[in-house]
Amino acid sequence: MRNWVLPKRWNGWTFWEGFLVDPEGNRYTPDMVKASIFGQELMHELAGSPLQVYSLKRELKKRVDALQDSPEIVIRWQDQELAVKLPKAGK
């Protein structure tokens, strides 16, 4: 059987009776660790990476520039609708 060693950045962390234990002695269950990872993934998806944000900004600018006389964006969210009038180009 192979001995498994945690990477250096995990120095001081140990396993004890099914828990992951940090250097201060706090214990984390597998479900707590999973929840933390899922929370980080959710935060990343909601915030978006810089490349996603730039891409979405570029697409929005392209769509706004394609609008004619009275530019307007309609935002729909959970049975609510909001129309936002945009300033005309050059203003």
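The values are calculated or read from the model by the stated rules, or taken from the named source; none is laboratory data. All values reported here derive from a predicted model rather than from experimental measurement. We place every Cβ from the backbone using ideal geometry, glycine too, and count neighbours over all the protein chains shown.
Side notes on the structure shown:
- Single unsatisfied condition, Trp13 versus (1) more than 30 Å from Ile73 (Cβ to Cβ); (2) surrounded by 10 or more Cβ atoms within 10 Å (Cβ to Cβ); (3) under 26 Å from the mean Cα position of the chain (by Cα): (3)
- Wholly enclosed strands (runs of 3 or more DSSP E) of the chain bearing at least 1 residues modelled with pLDDT of 85 or more and not hydrophobic (A, V, I, L, M, F, W, C): 14-16, 72-77, 80-85
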